[in-house]
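Here is the structure we will look at, set down as structure tokens.
The values are calculated or read from the model by the stated rules, or taken from the named source; none is laboratory data. This is a predicted model, so every value here is computed, not measured. Counting neighbours? That spans all protein chains shown, and the Cβs are built from the backbone with ideal geometry, glycine included.
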Amino acid sequence: MRAVPRRIAALALGVGLLSGCSGVDGGTPDGQAPDGQGGTAGQGPTTTAAAPTSGSPATSSPVAEPTPESTPGKGPPCDADRCFSVAATGDLLLHPGLWDQAAADAVGGKASGGAAVPFDFEPLLSGQREYLDYADLGICHLETPVAVPEGPFSGYPQFNVPPQILEAAKAVGYDACTTASNHTIDAGTEGLNRTLDVLDGVGLEHTGSYADEAAAGEVLILETPAARVAVIQATYGLNGLIPEQPWQVDLIDADVMTAKARQARAEGADVVIAAIHAGDEYATLPNAQQVEVAHALADSGEVDFIYGHHTHSVLPIEKYNDTWIVYGLGNGVSELSPFHAVNNEGLMIRAQFAETDGDWSVSDLAWLPSIIVSDPYRWCALGPNQAPGTCTSPEREAEVSDRIGAVVDTFGAVADGAHPWDLANDR
């Protein structure tokens, strides 16, 4: 059974989120080309002593505690009694070519109520479904605001995209989306609030941007059968735009993020995951800000797993201070770029967590290379279980897989235990 998400209010932060911005834009904006194309789930088992049968004498003999219920979760075999897994992807970044494709895919389609649907993004994302099905939680990153269903829509440099993409994200298996990016306020406060309303409407939990100050003081905690999982997220900046209120978007500050992680634990989170929207676009290595913030979060002892997005390129995976850091997931979906091959590639990761003597840690980390193909536009996995030529030519698939594998292993991730995600063997 898929996890039931919920939001739990945390203690109010004593530091304004906006005041912590220390990053600078390390690359070009998100255009693809110069012209802009381009039950009580999660609650631990309780133990109670059995009451004596009516009329029976009391006894001082110890009563055996019941065996804790096993919650192995989805994913590879887990040696612990309590396990769960989280899958995450990079930027959900729509350009006109993708909504043109969704319009073509919607021809003849009907919504459940019988009304015509102008866009169908589910075919674009459908390849992700079988992988998300093998995780207890699925988290996407919504890069942009969404418009009203009938438009108008806009791409780079200030995005306002069809909201139907979020219906598709929910349909293929996502449970939540992070929302703090350099494009979060491209459509102003109205666009920000509308985006959060649409996320709520389709049943996707969210964190990173907020409609009111009270919401900004909350921590997103998602529940699985095994554990409560907090997600915190922040962006390096807003492309020079200034929000109407300082609490509307979480900006990167390691101290503020650590405080929020600490508050999440005070509110009952077993595991804390941090997502960082930062880096130099189209790079193959993390920049100084990414490394500094990720290492600070790992050193805090409050964050169990860290991943990132923004660069539109896959970045290395590192195990630092016993904490896994996935520096960059590349694009979840994006229009093809003729100028940057790495823009057309991405990474889905699945982290399995296990509890040992009350402590949670990542017990298995798998990565899955992916590419975007066109005619028609589709997200396509390059997993070990895929037959050669499934996405494009076998030669092109091998080239992309080898390049992504080399980047992922830059900091020795394979020797530390990370591995390709083979769905056939669930490893």
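Could you tell me which numbered condition LYS260 fails, if it satisfies all but one of (1) surrounded by fewer than 19 Cβ atoms within 10 Å (Cβ to Cβ); (2) over 24 Å from LEU93 (Cα atoms)?
The one condition LYS260 does not meet is (1).
If I ask for residues that are in a loop (DSSP other than H, G, I, E, B), out of contact with any helix residue (DSSP H, G or I) (no Cβ under 7 Å at 6 or more places or on another chain) and of a type in the set (A, V, I, L, M, F, W, C), which ones from the range 266-300 would you list?
Across the range 266-300, the qualifying residues are ALA269, ALA283, LEU285.
Just a yes or no: is a residue in the range 237-251 under 16 Å from the mean Cα position of the chain (by Cα) and over 19 Å from THR323 (Cα atoms)?
yes
What's the total number of residues in the range 393-415 that are assigned to a loop (DSSP other than H, G, I, E, B) and either touching a Gly at 6+ places or on another chain (Cβ under 9 Å) or surrounded by 15 or more Cβ atoms within 10 Å (Cβ to Cβ) (or both)? Talk me through it step by step, then tell me what you get.
From the range 393-415, those assigned to a loop (DSSP other than H, G, I, E, B) are 393, 409-415; that's our starting set.
Filter once more, so that each one left must be either touching a Gly at 6+ places or on another chain (Cβ under 9 Å) or surrounded by 15 or more Cβ atoms within 10 Å (Cβ to Cβ) (or both): 409-411, 413-414.
Looking only at that region, the number is 5.
Per-residue answers, yes or no, for (1) within 22 Å of LYS319 (Cα to Cα); (2) among the charged types (D, E, K, R); (3) surrounded by fewer than 18 Cβ atoms within 10 Å (Cβ to Cβ):
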{"residue": "GLN248", "(1), (2), (3)": "no, no, no"}
{"residue": "ALA254", "(1), (2), (3)": "yes, no, no"}
{"residue": "ALA266", "(1), (2), (3)": "no, no, yes"}
{"residue": "ALA274", "(1), (2), (3)": "yes, no, no"}
{"residue": "ALA278", "(1), (2), (3)": "yes, no, no"}
{"residue": "GLN290", "(1), (2), (3)": "yes, no, no"}
{"residue": "ASP299", "(1), (2), (3)": "yes, yes, yes"}
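Exactly one of (1) buried (at least 17 other Cβ atoms within 10 Å of the Cβ); (2) out of contact with any Leu (no Cβ under 7 Å at 6 or more places or on another chain) is unmet by ASP133. Its number?
(1)
Taking the condition surrounded by fewer than 18 Cβ atoms within 10 Å (Cβ to Cβ) and either among the hydrophobic types (A, V, I, L, M, F, W, C) or touching a strand residue (DSSP E or B) at 6+ places or on another chain (Cβ under 8 Å) (or both), does ALA424 pass?
Yes: the conditions hold for ALA424.
So that you can scan it fast, the table gives a plain yes or no per residue for (1) in contact with a Phe, Trp or Tyr (Cβ under 6 Å, 6 or more places away or on another chain); (2) among the small types (Gly, Ala, Ser); (3) part of a helix (DSSP H, G or I):
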position	(1), (2), (3)
ASN343	no, no, yes
ALA354	no, yes, no
ASP375	no, no, no
PRO384	no, no, no
ASP426	no, no, no
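Of the residues TRP360, TRP324, TRP367, only one is touching a Leu at 6+ places or on another chain (Cβ under 6 Å) and over 30 Å from PRO96 (Cα atoms); which?
Values: TRP360 fails: touching a Leu at 6+ places or on another chain (Cβ under 6 Å); TRP367 fails: over 30 Å from PRO96 (Cα atoms).
From the options TRP360, TRP324, TRP367, the qualifying one is TRP324.
So if I check each of ILE325, ILE372, which one is closer than 22 Å to VAL86 by Cα, buried (at least 16 other Cβ atoms within 10 Å of the Cβ) and of a type in the set (A, V, I, L, M, F, W, C)?
The match here is ILE325.
Whether any residue in the range 154-174 is more than 20 Å from VAL333 (Cβ to Cβ) and either modelled with pLDDT of 95 or more or not in a helix (DSSP H, G or I) (or both) is what I want to check.
No; the residues of the range 154-174 include none that is more than 20 Å from VAL333 (Cβ to Cβ) and either modelled with pLDDT of 95 or more or not in a helix (DSSP H, G or I) (or both).
Within the range 301-322, can you find the residues that are in a strand (DSSP E or B) and either touching a Ser or Thr at 6+ places or on another chain (Cβ under 9 Å) or surrounded by fewer than 24 Cβ atoms within 10 Å (Cβ to Cβ) (or both)? It would help to see each step written out before you state the result.
Filtering the range 301-322 for residues in a strand (DSSP E or B) gives 305-309, 314, 317-320.
Listed by number, the residues that qualify are PHE305, ILE306, HIS309, VAL314, ILE317, GLU318, LYS319, TYR320.
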